[in-house]
Structure formats: structure tokens, C-alpha cells
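Remarks on the structure that follows.
The values are calculated or read from the model by the stated rules, or taken from the named source; none is laboratory data. Model, not experiment: these values are computed from the prediction. Counting neighbours? That spans all protein chains shown, and the Cβs are built from the backbone with ideal geometry, glycine included.
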Amino acid sequence: MNLIMIDSIKLQPDAKQQLNSVQKPKANSKLQKLLYLQHGCCFFCGEKLSPSNASIEHLNPKAKGGTSTEDNEVVCHLSLNQTFGSMDLRRKFEFILRQKGVFKCPQ
Ligand SMILES: [Zn+2]
């Protein structure tokens, strides 16, 4: 009885390590999942994204307390993500809403 309990305690750290190693490489599949949910299109301009110019944008920037959860993440053009930097959500909306005509990401 005691031996079985010790065995199960010993197994736990290994099981946790396995879970971590499975979860770590998810950054890439998260991008793919978000892309799929957005039909492969940029969240802001709606154009088709290729994996090479797609990036995960945090609506509320992480630098300002935004989280890496799906309710705060969208996929958009890498160029726009870099342009936004850690701009706050209000300024992003202001910028996008004031565009005349069709919104275009920076080339
Ligand atoms: Zn775009």
C-alpha cells in the first residue's frame, strides 16, 4: 500500500514535465488556430495572410497589462503589429476608425 503511494507521488513530477513540454511549442499552433478562426484573413484589413506575414496582435498590449488569452488576441499583418507596437487600445481604434475608405495595413 505504502509502496504504491510512493510510486504515484514519484510519477507526478514526470507527468507535469510531459504536460509542459506538450504545451510549450503551442505558440505556432495558436497562430494557426487564430488564422483558421479568422478564415486566414487579417483582423484589421481583411486581406489573406500568409504564415510569413501573420503575427499575433494583443488588442490590449501586453506592455499595458493585456493578457495572452484568446479574448485579447487576433492575427494581423506583421507590419501593422510592428506599427502599433504597444499603442493602447483606444488609440488603435481611433486610428482605424478615422481611416477614409478601406483600411489598409502598411506595406
Ligand atoms: Zn492587414
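Per-structure values
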{"quantity": "Members of the range 44-73 found to be within 13 Å of residue 30 (Cβ to Cβ), within 16 Å of the ligand (Cβ to nearest atom) and under 11 Å from the mean Cα position of the chain (by Cα), listed by number", "calculated": "54, 55, 56, 57, 58, 73"}
{"quantity": "Extreme residue, nearest to residue 28 (Cα to Cα), among residues of the range 74-94 that are out of contact with any helix residue (DSSP H, G or I) (no Cβ under 8 Å at 6 or more places or on another chain) and crowded, with 18+ Cβ neighbours inside 10 Å", "calculated": "76"}
{"quantity": "Residues of the range 89-105 that turn out to be of a type in the set (A, V, I, L, M) and either at pLDDT below 90 or in contact with a strand residue (DSSP E or B) (Cβ under 8 Å, 6 or more places away or on another chain) (or both), as a count", "calculated": "1"}
